[in-house]
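Structure, as structure tokens:
The values are calculated or read from the model by the stated rules, or taken from the named source; none is laboratory data. Just so it is clear, the structure is predicted and the values come from calculations on it, not from any experiment. All Cβ positions, even for glycine, are placed from backbone atoms using ideal geometry, and neighbour counts span all protein chains on display. These area figures cover heavy atoms from the full protein model, side chains too; ligands, DNA and RNA do not enter into them. Shrake-Rupley method; radii C 1.70, N 1.55, O 1.52, S 1.80 Å.
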Amino acid sequence: LCGGLKLQVPFLFSLLCLQVIKCKAAVLWEANKPFTIEEVEVAPPKEHEVRIKIMATGICRSDDHVITGALVMPFPIILGHEAAGVVESVGQGVTSVKPGDKVIPLFVPQCGECKSCLSTKGNLCIKTDLGTSGGLMPDGTTRFTCKGKAIHHFLGTSTFTEYTVVHESAVAKIDSAAPVEKVCLIGCGFSTGYGAAQQTAKVEPGSTCAIFGLGGVGLSAVMGCKAAGASRIIAVDINSDKFAKAKELGATDCINPKDFNKPIHEVLTEMTAGGVDYSFEVIGRTDTMIAALACCNFNYGVSVIVGVPPAAENITFDPMLLFSGRSWKGSVFGGWKSKDAVPKLVADYMKKKFVLDPLITHTLPWTKINEGFDLLRTGK
């Protein structure tokens, strides 16, 4: 009995000590407006929830899609989903992490119980907020308030704040020595692009690949194709300033569609004597999605949609593109089962199996978040 009390008393004491935290956050009150830095109240974690002190967060195009309305979410909202931090407190029943652990929030959770989590084929857990536009915790409530108003969550993570609350299924413990300002990219951008090549497409040694879009995710796809042993990696972007870095990370060819008088898929088909084995659309435009599909080998090419599709847009295409044998696939978070994969990816980074520094162009204090988004929009 005494032994049991020794185990229980500290935990019960920690629950009693959990309080609302007041901190700064970048709140987006409505679409097409800048963020405002506000004082917000962050409620204590409930059962099976974790409160995290965010140490570093990346800016992702998916966040900007919410601002522009291309990705529909409720307002007001705290965006951000690519981050690393330290556990501040945990709710009752949490067993996978404890206060003081270094962690990465997961915008694709892994509950370990749903059909996708139990399948070897899927990674999109039923608990994800992607596509539901709920903006709330799994119990249907929010942990953020500001000026007396409830503030919505984004993808179950909301990392543009000094403190956030996530469900236990949406957090992964990582190496305590990992540099948060680098490995935060494993929370989305790097894992998404690298995994699209490694996990979703399963690029083979000696194959030919084309990557449309050379942002952080596209460059990570280049790295994934190189690591898989692709013999030719063609990087496609309308911003030629990105070509030097693409070649540094493994691209063998870089082409700008603006330099040609014919459709880019025809250019790529001619360059590869019939089309690439694998293509990746890492922009989020319907026209480039079709171009990426069309540039694949007509019989066995595989094209992967990695960029977030714009809301309220449909694709019209010639069904012969698929009838002849091509495969069209989608990839969320690179196909990784998040809770299992993220700690391993961080461990691989620590073993220098891949680099992250080239993906980081600027480091800003987070109060300059609007300047960061301006840099994103101008391709810098």
Quick one: length gained pulling THR68 to LYS149 fully straight, 0.36 nm per residue minus the C-alpha distance? 26.9 nm
Selection from THR288, GLY218, PHE260 lying farthest towards where the dipole of segment 201-330 points positive, charges on Cβ: GLY218
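Place the peptides 293-304, 66-77 in order of packing, highest mean first, counting for every residue the other Cβ atoms within 10 Å and averaging per peptide.
293-304, 66-77
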Among the listed pairs LYS182/LYS368; LYS102/LYS147; LYS352/LYS380, those beyond 24 Å (Cα-Cα): LYS102/LYS147; LYS352/LYS380
Calculate log10 I(q)/I(0) of the chain for q = 0.06, 0.11, 0.12 Å⁻¹, where I(q) comes from the Debye formula with a single equal point scatterer on each Cα and nothing for solvent. -0.24, -0.76, -0.89
Rolling a 1.4 angstrom probe over the protein chains, ignoring ligands and nucleic acids, what is the accessible area of ILE37 in square angstrom, nearest 10? 70 Å²
Using the Kirkwood radius over C-alpha pairs as Rh, can you work out the diffusion coefficient of segment 200-266 via Stokes-Einstein at 4 °C, viscosity 1.567 mPa s, in µm² per second? 109 µm²/s
The long-range amide H neighbours of LYS127, using H built 1.01 Å from N in the peptide plane and a cut-off of under 5 Å, are CYS111
For a 32 Å ceiling on Cα separation, which of these pairs sit above it: LYS329/LYS353; LYS33/LYS247; LYS33/LYS53; LYS127/LYS149; LYS33/LYS127? LYS33/LYS247
What is the Cα radius of gyration of segment 113-239 over 2.2 N^0.38 Å, N being its residue count? 1.30
Got a sec? What order do GLU47, GLU82 fall in by accessible area at 1.4 Å, biggest, i.e. largest, first? GLU47, GLU82
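Quote the relative contact order of segment 201-330 in percent (integer), defining contacts as alpha-carbon pairs under 8 Å separated by 6+ residues.
On the way: 269 pairs, mean separation 29.2, N = 130.
For segment 201-330, the relative contact order is 22 percent.
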Mind checking which of THR57, THR159, THR367 has the largest fluctuation in a GNM of the chain, springs on alpha carbons under 10 Å? THR367
Approximate spin-label separation LYS24-THR95, in nm, with each point projected 7 Å along Cα-to-Cβ: 4.0 nm
Show which aspartates and glutamates lie in cross-link reach of LYS173 when reach means a straight Cα distance below 19 angstrom and same-chain residues fewer than eight apart are skipped. GLU47, GLU49, GLU82, GLU88, ASP101, GLU162, GLU181, ASP340, ASP348
So if I place +1 on the C-beta of Lys and Arg and -1 on the C-beta of Asp and Glu, and nothing else carries charge, what would the dipole magnitude of segment 201-330 be about its Cα centre? I want it in debye, nearest 20. 260 debye
Here the convex hull volume per residue of segment 201-330, taken over Cα atoms and given in Å³, is 99 Å³
Heavy-atom accessible area of HIS362 with all protein chains present, probe 1.4 Å, nearest 10 Å²? 90 Å²
For ILE151, the residues 5 or more places away or on another chain with a placed amide H closer than 5 Å to its own amide H are PHE144, THR145, CYS146
Quick one: Kirkwood hydrodynamic radius for segment 192-234, alpha-carbon pairs, angstrom, one decimal? 9.6 Å
How much accessible surface area, in Å² rounded to 10, belongs to the heavy atoms of THR378 with a 1.4 Å probe? 90 Å²
Mean separation of Cα contacts under 8 Å (6+ apart) over length of the chain, as relative contact order %: 16 percent
Could you list which residues have their amide H under 5 Å from that of CYS254, counting only those 5 or more apart in sequence or on another chain, with H placed in the peptide plane? ALA235
What is the distance in Å between the Cα centres of segment 47-64 and segment 215-276? 31 Å
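Would you calculate, for the chain, the mean residue ellipticity at 222 nm contributed by helices, counting each DSSP H stretch of 4 or more residues as -39,500 (n - 2.57) and dividing by all residues, to the nearest 500?
Values: 12 runs with 100 residues, N = 380.
Estimated from H runs of four or more residues: -7000 deg cm²/dmol.
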